[in-house]
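The values are calculated or read from the model by the stated rules, or taken from the named source; none is laboratory data. Note that this is a predicted model, so its numbers are computed, not measured. We place every Cβ from the backbone using ideal geometry, glycine too, and count neighbours over all the protein chains shown. Remember, those area values only see protein heavy atoms, side chains included, never the ligands or the DNA or RNA. Shrake-Rupley method; radii C 1.70, N 1.55, O 1.52, S 1.80 Å.
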Amino acid sequence: MESVTPVKKQPMPGPENQEPHITETESISPWKEAFWQLRKNKLAIVGLFIIIFFIMIAIFAPFLTSYSYQTLNAADRLQGPSAQYWFGTDDLGRDIFTRIVYGARISLMVGFFAVTGALIFGSFLGILAGYFGRWVDMLISRIFDIMLAFPSILLAIAIVAILGPSLQNALIAIAIINVPIFGRLVRSKVISIRQEEYIMAAKAQGMKNGRILFHHVLPNSLAPIIVQATLGFGTAILEAAALGFLGLGAQPPTPEWGRMLSDSRQYIQSAPWTVLFPGLSIMLVVLGFNMIGDGLRDALDPKMKN
Amino acid sequence: MISYTIRRLLMLIPVLIGMSLITFSIIHLIPGNPAQTILGEQATPQAIEQLEEQLGLNEPYFVQYGNYMMGLLQGDLGTSLRTKASISSEIWPYLAATIELTIFAMVFAVIVGVNAGIISAWKQNSLFDYTSMLIALIGVSMPIFWLGLLEQWIFAQNLGWLPAFGRGNPRDPVETVTNFYLLDSIINGRPDQLWTSFKHLILPGVALGTIPMAIIARMTRSSMLEVLRSDYIRTVEAKGSHTLSVVYRHGFKNAVIPVLTVVGLQTGTLLGGAILTETIFSWPGVGRYVYEAIGNRDYPVIQSGIIVIATIFVFINLIVDLLYTYIDPRIKY
């Protein structure tokens, strides 16, 4: 049986407006069903393998290479890919394969912490706005509007300009610019859930606000948040690489992929591998997260099931 | 419609005030002293103090903000610390360069993206569908600065087909009227310069347009798929219309709203996001202008530059919202 959600004024169908209908009457849990859907999606599985591959690389970095990512070796600068240096060497004679492998740690870490940070603050503000409504909603929603009124990379650059260029500050900036994205999503979910009958029932039984929020509202808004977080991982990695490329993120000798690109762009003609491999790594990781995110969206959104 | 437009314009006021307040606060929080920056390292404390007084830097925070806003409302964006020129007059060539690049990128993105999306939906699960959606997926995952570098390497350095840097030939500069080079070379009656300017736009335009192209293609496809399943499309087909004309004439008309949303959002994003493309292609745009100002600690330029870009962004979104009602009369506010 499908539950009927009240029709709201929706000028445009967008991913954030589509609600999964999770009904209690089905014999299998909706999460299990979503998992089956996901398993059928080949792209999502490929994406999952890409991400697992990069996570393994990041974890086992020291075992994959005998070089150090920061030892300079002037004699072997700008060497092409060979059995000795799989991906060649950069202008300072450092092994690019080693730097890519250690760079996976940085990119995944940035993605993880930026998304987690944005998720925590965004959910908190979104729940406050959606659940309490009135002036709380007005205030928080306007703040989100204003933050989203800035092109995100520009806001990130401005924040890094205050904090000073470093990997950590780039991470903070990326988390901040992503807060309203999660915040709005959570708010819209909370508002639609708040009108459901089981929330009214919980209220009628005298349940406290906090308990309703954590036991009913949050679990029921989880699906779109998971999708957004997965896609956000990729975006955060791209944004960190962009800041690194502009010299506002990781500082040398940190093997951050974006920074590696900007440091070697002048050698693209004589040593294209210095530019090829870091860019390819960024693209693959982001592609992996986008594939999983798309697959999750299809799996968790019943509207796509046909 | 008119009352809705007015209401939306009024709603912009708090957003614009909030934006200027945030930007103003950010600039204030940036470590460093503008007076020190102007006078240099060897300045005496007295000179610095005098200049601070002159610039109103000793005033309370809100008085400074009020003064800045008063200037802003009169079209005064302040004075650049580095060039000592008025930002209002200085910013236009940069802004025009970015707008020209953005429009070019968007035209590219819409033409390729919309058509790829429509054909993918029409031939769902075909080889074309799979290929174009895979390209679109790679497109949204691509770091555009990397794409730009590869473009330069292949098309400028190796094949020598297209120029890699700048807006035109520096030895034969375009005589500026509007600062849109394509327009200016037409006004000046210089087809050779029109061709040169166009060639300079291609590489950065494609780099900048790739992400929106991919997003538009995906959005068009999914929106078209929904429409193509509807009853009225079946009716038209039953009446014996040729399929491709059905797809373009009846289908896309009804699938256009979500596509339009994406186009609007992406146009705004491009204006601000052009900074990376501008860096790679030495494009003298407004993103570059602001970015260099950060390096030079040119506070008024950073502040006004961000406010100008964000204001344009807000207005583009408003125009897109208003266009909905025009394109789809079913939407009523």
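Assorted remarks:
- Condition check for B:Q54: open to solvent by 70 Å² or more (accessible area, probe 1.4 Å) and over 22 Å from B:V308 (Cα atoms): yes
- Cβ separations smaller than 9 Å between residues 6+ apart or across chains give the following pairs from the range A:59-74 residues that are closer than 11 Å to A:L92 by Cβ and without any contact (Cβ under 8 Å) to a residue 60 or more places away in the chain to residues that are surrounded by 14 or more Cβ atoms within 10 Å (Cβ to Cβ) and of a type in the set (S, T, Y): A:N73/A:Y67; A:N73/A:T89.
- Taking (1) touching a Lys or Arg at 6+ places or on another chain (Cβ under 7 Å); (2) open to solvent by less than 10 Å² (accessible area, probe 1.4 Å) in turn, A:L243 satisfies each apart from (1).
- Residue match in the range B:210-232 (condition: more than 14 Å from every other protein chain (Cβ to nearest Cβ) and open to solvent by 50 Å² or more (accessible area, probe 1.4 Å)): yes
- Contact map, the range B:13-35: residues that are at the interface with chain A (Cβ under 9 Å from one of its Cβ atoms) paired with residues that are acidic (D, E) and open to solvent by 10 Å² or more (accessible area, probe 1.4 Å), Cβ distance under 9 Å, separation 6+ or inter-chain. Pairs shown: B:P14/A:D145; B:V15/A:D145; B:G18/A:D145.
Here is a yes/no grid of residues against (1) touching a helix residue (DSSP H, G or I) at 6+ places or on another chain (Cβ under 6 Å); (2) aliphatic (A, V, I, L, M):
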| residue | (1), (2) |
| --- | --- |
| A:F53 | no, no |
| A:Y67 | yes, no |
| A:Q70 | no, no |
| A:I96 | yes, yes |
| A:S123 | yes, no |
| A:I146 | yes, yes |
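- Scanning the range B:157-185 for residues that are aliphatic (A, V, I, L, M), surrounded by 14 or more Cβ atoms within 10 Å (Cβ to Cβ) and farther than 24 Å from B:I91 by Cβ yields B:L162, B:A164.
- Odd one out for A:A173, checked against (1) within 19 Å of A:L148 (Cα to Cα); (2) within 14 Å of chain B (Cβ to nearest Cβ); (3) open to solvent by 10 Å² or more (accessible area, probe 1.4 Å): (3)
- Inside the range A:52-66, residues that are under 11 Å from A:V101 (Cα atoms) and either of a type in the set (V, I, T) or more than 22 Å from the chain's Cα centre (by Cα) (or both) make up a count of 9.
For (1) closer than 19 Å to B:D328 by Cβ; (2) part of a helix (DSSP H, G or I), each residue gets a yes or a no:
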site	(1), (2)
B:V227	yes, yes
B:I233	yes, yes
B:S241	no, no
B:R249	yes, yes
B:K253	yes, yes
B:L260	yes, yes
B:Q266	no, yes
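- Single residue of the range A:97-125 satisfying the filter (among the polar types (S, T, N, Q) and within 28 Å of A:F87 (Cβ to Cβ)) that is modelled with the highest pLDDT: A:S107
- Filtering the range A:248-266 to residues that are within 11 Å of chain B (Cβ to nearest Cβ) and within 18 Å of A:I153 (Cβ to Cβ) leaves A:L248, A:W257, A:G258, A:L261, A:S262.
- Qualifying residue in the range A:188-201 (condition: touching a Leu at 6+ places or on another chain (Cβ under 9 Å) and open to solvent by 60 Å² or more (accessible area, probe 1.4 Å)): no
Here is a yes/no grid of residues against (1) open to solvent by less than 50 Å² (accessible area, probe 1.4 Å); (2) in a loop (DSSP other than H, G, I, E, B):
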residue: A:K32; (1), (2): no, no
residue: A:W36; (1), (2): no, no
residue: A:G47; (1), (2): yes, no
residue: A:I52; (1), (2): no, no
residue: A:I55; (1), (2): no, no
residue: A:Y67; (1), (2): no, yes
residue: A:T71; (1), (2): no, yes
residue: A:A83; (1), (2): no, yes
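- Residue among A:I143, A:I153 that is assigned to a helix (DSSP H, G or I) and over 24 Å from B:D298 (Cβ atoms): A:I143
- Residue count for the range B:258-305 satisfying the condition of being facing another protein chain (nearest Cβ under 9 Å), β-branched (V, I, T) and either out of contact with any helix residue (DSSP H, G or I) (no Cβ under 6 Å at 6 or more places or on another chain) or open to solvent by less than 10 Å² (accessible area, probe 1.4 Å) (or both): 7.
- Yes/no for B:I319 being within 11 Å of chain A (Cβ to nearest Cβ) and out of contact with any Pro (no Cβ under 6 Å at 6 or more places or on another chain): no
- Only one of the listed residues (A:Q228, A:Q269) is more than 19 Å from the chain's Cα centre (by Cα), of a type in the set (S, T, N, Q) and either at the interface with another protein chain (Cβ under 10 Å from one of its Cβ atoms) or open to solvent by 10 Å² or more (accessible area, probe 1.4 Å) (or both). That residue is A:Q269.
- Within the range A:120-153, the set of residues being within 11 Å of chain B (Cβ to nearest Cβ) and open to solvent by 50 Å² or more (accessible area, probe 1.4 Å) comprises A:M138, A:L139, A:R142, A:I143, A:L148.
A quick yes/no check of all residues on (1) modelled with pLDDT under 80; (2) of a type outside the set (K, R); (3) over 23 Å from A:I237 (Cα atoms):
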residue	(1), (2), (3)
A:I45	no, yes, no
A:F53	no, yes, no
A:F60	no, yes, no
A:L72	yes, yes, yes
A:R77	yes, no, yes
A:Y85	yes, yes, yes
A:I127	no, yes, yes
